[in-house]
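Participant: Starting off with a structure, shown below.
The values are calculated or read from the model by the stated rules, or taken from the named source; none is laboratory data. None of these values were measured; they are calculated from a predicted model. Virtual Cβ from ideal backbone geometry, glycine too; neighbours counted across all protein chains shown. Remember, those area values only see protein heavy atoms, side chains included, never the ligands or the DNA or RNA. Shrake-Rupley method; radii C 1.70, N 1.55, O 1.52, S 1.80 Å.
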Amino acid sequence: MTITDKAAEKALAILNSEGKANWGLRIFVAGESCCGPSYGLDMQEVKMPGDEVFEKNGLKVFMDKHTLSTLDGRELDYYVGEEGEGFIFTGGVSACGTGSSGC
């Protein structure tokens, strides 16, 4: 799993705007659909038991091993377009926005 520079910068900006500059980003499996897992993002201050932790451009990223394994070959990006903006996972079978259960 990789994170683009744009996604890391946006996540850091959100954390800073919330007064949580020393926190990180948790990525988790939010549910399952006919298309596979959907993912969620949250703010997290410290590593939880069983977490895998890595950094991208100063952003700490927390995931449990199950989530990390489902994201193999995917990339977290930040998309801005005519339809709006937000974090999106690309790669793998299909592109999927966070929290989206559609294919």
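Participant: Restricting to lysines 8 or more places apart or on different chains, can you count the pairs in the range 1-99 with Cα atoms under 14 Å from each other?
Facilitator: Summing the qualifying lysine pairs gives 7.
Participant: For the chain, what is the relative contact order in percent, using Cα pairs closer than 8 Å and at least 6 residues apart in sequence?
Facilitator: Relative contact order, the chain: 30 percent.
Participant: What's the longest bit of the chain with no exposed trypsin sites (Lys or Arg not before Pro), using DSSP loop states and at most 14 other Cβ atoms within 10 Å as the test?
Facilitator: Numbers: sites that count: LYS20, LYS47.
Longest stretch, sites excluded: 48-103.
Participant: Carbon and sulfur together cover what percent of the accessible area of the chain at a 1.4 Å probe radius?
Facilitator: Answer for the chain: carbon and sulfur cover 50 percent of the accessible area.
Participant: R0 = 35 Å: FRET efficiency of ASP5 with MET48, Cβ-based, nearest 0.05?
Facilitator: Working: r = 26 Å, r/R0 = 0.75.
After rounding to 0.05, the efficiency reads 0.85.
Participant: May I ask for the Rg/Rh ratio of the range 1-56, computed from Cα atoms with Rh as the Kirkwood radius, given to two decimals?
Facilitator: 1.00
Participant: Let me ask something additional. Please sort by residue number the GluC sites (Glu not before Pro) in the range 1-61 whose DSSP state is loop and whose Cβ has at most 15 other Cβ atoms within 10 Å.
Facilitator: Details: sites: GLU9, GLU18, GLU32, GLU45, GLU52, GLU55; in loops: GLU18, GLU45.
Qualifying residues, ordered by number: GLU18, GLU45.
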